[in-house]
1. With (1) at pLDDT below 95; (2) within 12 Å of ligand 1 (Cβ to nearest atom) as the list, and Gly77 as the residue in question, which single condition is left unmet?
2. Among (1) within 14 Å of ligand 3 (Cβ to nearest atom); (2) at pLDDT 95 or above; (3) farther than 18 Å from Met168 by Cβ, where does Lys50 come up short?
3. Tell me, please, whether a residue that is outside the structural domain of Gln316 (by TED's automatic domain parsing), within 13 Å of ligand 1 (Cβ to nearest atom), closer than 30 Å to Ala148 by Cα and crowded, with 19+ Cβ neighbours inside 10 Å can be found in region 100-116.
4. Consider Tyr65 carefully, then state whether it is within 14 Å of ligand 1 (Cβ to nearest atom), open to solvent by 30 Å² or more (accessible area, probe 1.4 Å) and not assigned by TED's automatic domain parsing to the domain that holds Met171.
5. Count, please, the residues in region 181-199 that happen to be open to solvent by less than 20 Å² (accessible area, probe 1.4 Å) and more than 16 Å from ligand 3 (Cβ to nearest atom).
6. Restricting attention to region 282-292, and to residues there that are buried (at least 16 other Cβ atoms within 10 Å of the Cβ) and more than 8 Å from ligand 2 (Cβ to nearest atom), which single residue is farthest from Met322 (Cα to Cα)?
7. Quick one: in region 11-37, which of the residues that are within 14 Å of ligand 1 (Cβ to nearest atom) and aliphatic (A, V, I, L, M) is most open to solvent (accessible area, probe 1.4 Å)?
8. Do you know which of the residues in region 71-99 that are under 16 Å from Lys125 (Cβ atoms) and assigned to a helix (DSSP H, G or I) is least open to solvent (accessible area, probe 1.4 Å)?
Amino acid sequence: MRAENPILQVKNLQVDFLVKKHTITAVKDVSFSVDKGTTLGIVGESGCGKSVTATSIMRLLPRQYSKISQGQICLDGEDLLAKSEEEMYKIRGTKVSMIFQDPLTSLNPVYTIGTQLCEVLLTHKIADKKQAFEMSVEMLRKVGIGDARNKMKTYPHQISGGMRQRVMIAMAMLTNPQVLIADEPTTALDVTIQAQILELMAKLKEDFDTSILMITHDMGVIADVADYVCVMYAGEIVEYGTCEEIFDHPQHPYTKGLLKSIPRLDEDTKILYTIKGMVPSMQDMPRGCRFSNRCPHCTMRCNEQHPDLKDFDRHQVRCWLMDGNC
Ligand SMILES: Nc1ncnc2c1ncn2[C@@H]1O[C@H](COP(=O)(O)OP(=O)(O)OP(=O)(O)O)[C@@H](O)[C@H]1O
Ligand code: SF4
Ligand SMILES: [Mg+2]
């Protein structure tokens, strides 16, 4: 898929972990790009490599036992993998920000929300103390937190989960980053608050012209926010296309399974569809197609040969079925 105006480009990314003296490849040959002002959704079940991909972009992988062994990550034309730690420190928070999977562990429990928000602006020398306070209050208002001035004095445990998530978004947006990476920003929230947070992110994207990388296991969230979609399975992209294409003309059996498992109001939802089986462990990957042990269309070829991600119309798909001679 070729982006028209890419702000973030990831090319052939491979991430390896050293586990008990063995190397496991958590992410393999992953390529995508995010256009200016658009949202790319990355979707897949637990353990598919979504967070590892996001953390690689931030260059926040644990250095002692992991490495980006192949690939390129470019932000606004700059090669992030060539940056020093000091340079990356400046880029993080200013050009690219991340909302992490768990807001409670991402916020420091011993500092007030105000202190933590101001710190972002002070560390990056964007404002002095007084300006930082006012800018933080303003951002809390923008993310829909009422009585913002007083909320600055509260500690993370004194506010609700939905509000903590808004604070995380405020913190990530304070420096007006070009790219916002949101790793499962709504997973821990109830449906109503989830809808409010997604609406808020869409509004911020419009107001600030931010590009968003939205990571989720929920196809429903993808349908609400994404312009483009990467479906990941067992460390690889198995399908990539516009949101419309993926929802209207899904090709990969895994994507079809994910779409079937979205609860629908017009159907009897007492028994929800689930994809049989589990994502294989990274240490014990099938030799051929990584989805072969769960796929209803699996053939001998699928068991033996690993399919490449290939272009089909406005899609990229990794499946032998697309060759017509599976
Ligand atoms: N710290 C780590 N040490 C060793 N292996 C890891 C580590 N973090 C991730 N991995 C490996 O990378 C794989 C992908 O992990 P990742 O956290 O990216 O999954 P995910 O798609 O974000 O899942 P989830 O939806 O549960 O957040 C894991 O299955 C695991 O094999
Ligand atoms: S390559 Fe074969 S096993 Fe893999 S998804 Fe396609 S049909 Fe299923
Ligand atoms: Mg994750």
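1. Tallying (1) at pLDDT below 95; (2) within 12 Å of ligand 1 (Cβ to nearest atom), Gly77 fails exactly one: (2).
2. All conditions are met except number (3).
3. yes
4. yes
5. Final tally of qualifying residues: 2.
6. Among those that are buried (at least 16 other Cβ atoms within 10 Å of the Cβ) and more than 8 Å from ligand 2 (Cβ to nearest atom), it is Met282.
7. It comes out as Leu18.
8. Ile91
The values are calculated or read from the model by the stated rules, or taken from the named source; none is laboratory data. Since the model is a prediction, treat every value here as computed from it, not as a measurement. Every residue, glycine among them, receives a Cβ derived from its backbone with ideal geometry; neighbour counts consider all protein chains shown. Side chains are part of the model used for accessible areas, which takes the heavy atoms of the whole protein and leaves out ligands, DNA and RNA. Shrake-Rupley method; radii C 1.70, N 1.55, O 1.52, S 1.80 Å.
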